[in-house]
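K.L.:
Below is one structure. I have some questions about it.
The values are calculated or read from the model by the stated rules, or taken from the named source; none is laboratory data. All figures in this text were calculated on a predicted structure; none of them were measured in a lab. Backbone-built Cβ (ideal geometry, glycine too); neighbour counts: all protein chains shown. Accessible surface is based on the protein model in full, side chains and every heavy atom, while ligands, DNA and RNA are left aside. Shrake-Rupley method; radii C 1.70, N 1.55, O 1.52, S 1.80 Å.
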Amino acid sequence: AVGRGDLESRVRVSGGSEFAMLGEAFNEMVARIKETIEGKERLLIDVSHELQSPLARMKLAIELMKEEKAKERLKVNLKGIETMVAEILESARLDSSTGALNLQRTDLNHLIKEFLYVYETMGMPVHWQAGDKPVLASIDPSRIIIVLRNLIENALKYADTEDQRV
């Protein structure tokens, strides 16, 4: 079972023989391997998540730059980094034993408004119109942010922004 990846599996140990000691050592080894893998997954998720804020600040700083040629090169590179971080984060979550959705009661209007603030401060043609009442839902906010980022980036990429707002 352990060989197939079931790190919850343990051997039954009884008595005090050398086989029992071997079984206990095997069970301890499996537990340590599981802890190590989970720790690596948590670290990867945490690091990927922590990179998102500085990337957003870099994006804003790039938009404020004057030289267009350098600005465009930096934007392309930053977009590539953002995509890699999002993919690493999602991949780690899906591969993780803790990959289940982290459902939280969340106000979607507030979450979307906070998310779109970065686009608005960069002068992007992104607009969010919502009512005054909160729209509460049980969601995984970090996964919704990934979906929103993909939607907005694609909309900005393919929209005729001279005539329309996203």
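K.L.:
Lysines near LYS71 by alpha-carbon distance under 18 Å, same-chain residues fewer than 8 away left out - which ones?
P.N.:
Candidates past the 8-residue exclusion: LYS59, LYS79, LYS157.
K.L.:
Hey, what did the chain get for relative contact order, percent, Cα under 8 Å, at least 6 apart?
P.N.:
This gives 17 percent for the chain.
K.L.:
I'd like the accessible area for THR36, computed on protein heavy atoms only with a 1.4 Å probe and all protein chains in place. Round to 10 Å², please.
P.N.:
THR36 exposes around 100 Å² with every protein chain in place.
K.L.:
Further, regarding this structure: Rounding to the nearest 20 debye, state how big the charge dipole of segment 1-88 is about its Cα centre with +1 on each Lys and Arg Cβ and -1 on each Asp and Glu Cβ.
P.N.:
Charge dipole of segment 1-88: 440 debye, to the nearest 20.
K.L.:
Can you work out the FRET efficiency for the pair LYS75 and VAL147, with r the C-beta to C-beta distance and R0 = 25 Å, to the nearest 0.05?
P.N.:
0.70
K.L.:
Something else now. Need one number: nm distance between label points at LEU156 and HIS110, each 7 Å from Cα along Cα→Cβ, rounded to one decimal.
P.N.:
In this crude spin-label approximation the distance works out to 2.5 nm.
K.L.:
With +1 assigned to the C-beta of every Lys and Arg and -1 to the C-beta of every Asp and Glu, and no other charges, what is the dipole magnitude of segment 57-158 about the Cα centre in debye, to the nearest 20? Walk me through the numbers before you get to the answer.
P.N.:
Working: 15 positive and 14 negative charges, 41 e Å.
Roughly 200 debye, rounded to the nearest 20.
K.L.:
List the lysines whose Cα lies under 24 Å from the Cα of LYS133, skipping any in the same chain that are fewer than 8 positions away.
P.N.:
Correct list for LYS133: LYS113.
K.L.:
Okay, next question. Hey, of [x] 1.09; [y] 1.18; [z] 0.95, which did the structure itself give for Rg/Rh (Cα atoms, Kirkwood Rh) when calculated?
P.N.:
[y]
K.L.:
For labels at ARG10 and ASN102 in the simple 7 Å Cα→Cβ model, what's the distance in nm?
P.N.:
That separation, rounded to one decimal, is 2.8 nm.
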